[in-house]
Structures are given as structure tokens and as C-alpha cells.
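For reference, the structure is listed below as C-alpha cells.
Every number in this text was worked out from the coordinates using simple rules, so none of it is lab data. Here the structure is a predicted model, which means the values were calculated and not measured. Cβ atoms come from the backbone with ideal geometry, glycine included; neighbour counts cover every protein chain shown.
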Amino acid sequence: MDQQLTLPRDFFFGAAMSGPQTEGGWNVGGKLENLWDTWSNQDIDAFYNRVGSYVGNNFMTRYKEDLAILKDLGLNSYRTSIQWSRLLDQDGNINPEGAAWYHELFRASREAGLEVFVNLYHFDMPTYLFRRGGWENREVCEAYANYAYQAFCEFGKEIRCWFTFNEPIVEPENRYWHPIWYPQHTSFQEACTVQYNISVAHALAVAKYCQAVEEGRMLPDARIGMICNFSPSYTKENPTPADLEALRMNDGLTNRWWLDLVTKGHLPQDVIDTLVELGIKLPIRPYDDAVLAAGVVDWIGCNYYQPSRVQAPSKSHDEHGNPLFAEPYIWPNRVMNESRGWEIYPKGIYDFGMKCKAEYPDLEWFVSENGIGIEREYLNRDPETRQVQDDYRVEFVRDHLSWVARAIQDGANCVGYHYWGLIDNWSWANAFKNRYGFVEVDLMENYERRPKKSAAWLKQVATTHVIS
């Protein structure tokens with residue numbers, strides 16, 4: 001890898017976070033329960049060290065301090081999410097207390113010199129809507145479109161960069177196909193229904209955004225996008241036809257599905273055809289072609305943590321009767337983050353950039369999440385300074401940024417980078433098990449913030465754009 005690679009001067013640096021993982025205040029200010037609150041209340045033992053959704057990392061109390069940290073580290077932007085369950089009441093109208101919090105956050109961010117990118121949905125459906133069927137119910141897609149329009153109207157003169165969904169593939173997989181998140185279903189049919197309806201909900205929200213633009217409710221340079229966890233798909237060096245078929249469907253369901261939607265306004269027909277052949281019934285309605293056509297966006301975010309390596313499955317169905325398209329392929333040369341169980345493969349972000357250049361050449365994108373989570377990171381603390389010594393984080397980010405720079409040199413249309421979890425945050429059922437931050441959150445000291453060793457390196461790179 002080249003030394004002293006540089007990034008363009010107009011390349012932006014920032015941080016990524018989400019409302020449900022940072023804000024806290026789960027039941028104050030008129031906020032409704034979301035699914036994470038419900039799961040925490042019903043089964044707190046499902047969460048690492050019994051740390052549920054309640055406090056996040058106490059951002060609602062410490063937001064001014066956190067914004068100052070971001071600015072001091074040389075960052076110029078950050079992405080967070082509005083919580084549907086905080087902004088609207090159960091009748092779908094604005095909750096004044098929830099709106100006031102976001103207005104204050106956006107005001108304080110402007111004062112700190114930070115641009116806020118706003119995502120509208122980060123796995124945090126209001127529980128009352130889930131009980132009406134959630135994403136399996138088309139009416140909930142309409143409710144989401146109303147929520148999006150309310151947000152555009154309320155904050156359209158404050159926020160320039162909007163996103164409809166974060167990682168829309170994850171909820172179908174983790175809630176409905178694999179029994180990982182509440183309510184831990186095991187139905188691929190349900191997962192496909194949810195994935196299709198989320199696609200519809202995205203398109204409906206983009207249509208509402210366009211309506212708000214036409215009505216003069218948005219800033220003149222406003223933009224709409226989607227944030228996806230794109231994992232470049234690979235198979236064996238000498239693949240069989242069955243391996244290549246596994247590669248096609250894995251890439252089709254997780255990557256091309258969303259890339260085609262946001263650039264072409266339709267879903268990949270070869271994937272739809274395969275699902276239909278397998279007896280999967282998508283909830284397609286008349287005129288859905290026109291609905292999905294509205295889903296084209298201005299740009300996208302790419303969350304990148306690991307590649308996806310697959311091979312032909314050894315059987316056609318799993319133990320629940322769901323079709324199997326692929327099985328994991330263990331690359332002999334892989335390097336692992338043992339804490340998270342994820343392969344570390346920085347070149348994957350370059351390969352994604354080249355895929356976009358070749359197949360979606362007009363699509364502008366940025367790295368919307370990238371980071372490394374380490375378990376029991378406190379064991380690396382310097383006994384005198386109490387500072388976490390995380391040279392592995394510097395290595396991880398340096399290697400990924402180097403491949404981003406290489407991709408830009410080779411024609412990738414990548415315009416920025418947001419690090420996930422710049423300040424340690426709560427991470428779903430894993431809670432604070434794996435720490436991602438350049439800044440530590442000390443749970444034993446009232447959520448005190450404390451820069452790790454890596455923070456000084458990040459500041460140097462963010463301010464100079466030299467990857468050292």
C-alpha cells in the first residue's frame with residue numbers, strides 16, 4: 001500500500017451515530033415505546049450485561065459536550081437519526097416536545113460548525129405500529145411516508161442531507177429470517193415481504209420529499225439518499241456454476257436490490273424471478289412499478305465493515321424450511337476481528353467503488369459507516385493515564401482510508417467518510433460489549449467521555465487529509 005496517500009480537499013470527514021443508540025430518554029418528552037424499548041422491558045437478559053435501550057450513551061444530556069468533541073477532532077459533519085417514536089404521537093402528528101429536542105440539537109450543531117445528516121429510520125419502529133403488522137403491513141409503509149413528510153416539513157429549512165433508511169436489509173434478516181432480534185422469527189417468506197415493503201416505504205418517502213421540495217419547504221440544495229451496508233460479494237478462486245449462482249443471489253438480495261432501486265427505480269428482475277420460482281410471494285400491488293420508480297435518490301451512503309464470501313449451499317433448505325441460496329466460504333487468507341467475528345478486508349471498499357464506477361457510474365456515494373469494535377478494550381488501558389491504547393483502531397481506519405483514496409484515484413465517485421461510533425455507544429443486544437469509539441464512554445463514571453490514544457491520529461488525518 002502506498003504511503004502518505006491523500007484525500008481530496010473537499011472530501012468531508014465526520015461521524016455516524018443513531019438516535020436509539022445514543023439519545024437515551026426512552027420514555028420522556030412524550031416519546032412512545034419502540035421495539036428496542038419493548039424488548040428491553042420484556043427480556044432484559046437478552047442484552048449483554050443486562051444493559052437495555054434506556055440510556056444509549058446519554059447523548060440527550062451530553063450533546064453539547066459531544067458536539068464539541070467532534071469539532072475538536074477536526075470533523076465537519078455527523079449523521080444521526082430522528083426517532084419516529086419521539087417525533088410523532090400515536091395519531092401520526094408532531095409531538096411538540098420531541099420536535100423541540102431535535103430543533104435544539106440542530107441549532108447546537110450549527111453553532112458548533114457541524115452539518116447534520118439526518119436519517120429517518122434506524123431499526124426503531126414504534127411498537128404500536130409493529131403490533132399492527134409492522135413492515136408486513138402496507139398501511140405501516142403509508143404511516144412511514146406520513147412521518148417522513150412531517151419531518152421534512154418540520155426541519156426542511158434546517159437540514160440539507162436526508163436519508164430514508166439505514167441498512168434496510170438488516171431488519172428483514174435479523175427480525176424475520178434469522179432469530180437474532182425481537183421477535184426472532186425464522187421465515188424467509190416474511191423477510192421477503194418486509195424487504196419488499198421497505199423498498200416501497202423508501203420510494204413513498206422520496207415522493208414525499210419531492211412534494212416538500214415543490215412546496216418550498218426544503219433548503220435549495222437539499223439532498224435525499226439511502227444508507228446501505230454493502231458487503232462486496234466474493235466466492236472461490238475457481239468457482240463452480242453453483243458457486244456463481246450463490247454469488248448472484250447473495251449479491252442480488254443484499255447489494256443489487258438496493259442499488260437498482262435507488263438508481264433505476266426498480267428491483268433486479270433476475271432476483272424477483274428466482275424468488276417467484278421458489279414460491280415466494282411478494283406483496284406486489286397494481287401500479288407498484290410507478291411507486292418504486294419514485295425511489296431514485298441523489299446519492300447513497302455505504303456502510304462497510306466486512307466482505308461477504310459465499311459458496312454453493314450443501315443443501316437446498318435450512319432447518320426451518322427456508323430456501324438456502326449460499327453458505328459462507330472461509331477464505332484461507334482472511335484476517336479476523338475476533339471480538340466481532342468479522343473479517344477485516346479493507347480492499348473491499350475499493351472493490352465496491354469500482355463496482356459503482358462500472359455499473360452505476362452516475363451514483364455519488366460516501367462511506368457512511370466504517371469502524372472496528374473490540375471487546376474488553378479497557379484491558380488495553382494505560383495504568384497511569386487511564387487512556388485506552390488502541391493502535392489497532394488506527395491501523396484499521398488507516399488501511400480502509402488508504403483504499404478509499406486509491407478508489408478515488410481510479411475514478412470512484414466517493415465524496416466523504418463517517419466513522420461509526422466515534423464516541424462509544426449502545427449497540428442493540430450487544431449493548432456496550434464491543435467498543436468502536438475513538439472516545440471512550442465510561443459506564444462506571446456516569447458516562448464520562450475520555451479520548452483514546454487513536455483520537456490524536458484521527459484529528460491529524462481529518463485536518464490534513466493526509467493518511468499517515
Peptide ranges 250-260, 407-417 listed from the most packed, as the mean C-beta count within 10 angstrom indicates: 250-260, 407-417
Proximal lysines to Lys208, defined as alpha-carbon separation beneath 27 angstrom and excluding residues fewer than eight positions away on the same chain: Lys31, Lys157, Lys264
Cα-based radius of gyration of the range 246-354 once divided by 2.2 N^0.38 Å, which approximates compact folds: 1.26
Approximate shape of the chain as ellipsoid semi-axes (Cα gyration tensor, √5λ), whole Å, largest first: 31, 28, 23
Kirkwood Rh (inverse of mean 1/r, distinct Cα pairs), the range 57-127, angstrom: 13.1 Å
Whole-Hz couplings from phi, Karplus 6.51/-1.76/1.60, listed for the range 230-238; x for Gly and Pro: 8, 10, x, 9, 10, 9, 5, 5, 10
Fraction in percent of alpha-carbon pairs per bin - 10 Å, the range 1-103: 13, 36, 28, 15, 7, 1
Rounded to 5, percent antiparallel among DSSP beta bridges of the chain: 30 percent
Straight-distance crosslink candidates among aspartates and glutamates, where the alpha carbon sits under 15 Å from Lys355 and sequence neighbours closer than 8 are dropped: Asp251, Asp260, Glu364, Asp410
3J(HN,Hα) from dihedral phi, the range 430-436, Karplus parametrisation 6.51/-1.76/1.60, rounded to Hz, x for glycine, proline: 6, 6, 9, 4, 10, 9, 9
Reachable lysines, given that their alpha-carbon falls under 27 Å from the alpha-carbon of Lys452 and they are not under 8 places away in the same chain: Lys64, Lys71, Lys347, Lys433
Under 5 Å, built H, 5+ apart or other chain: amide partners of Leu88: Asn95
Cα-projected label distance for Tyr287 with Gln184, points at 7 Å along beta-carbon direction, nm: 4.2 nm
J(HN,Hα) series, the range 322-327, from Karplus relation 6.51 cos²θ - 1.76 cosθ + 1.60, nearest Hz, glycine and proline x: 7, x, 10, 9, 7, 10
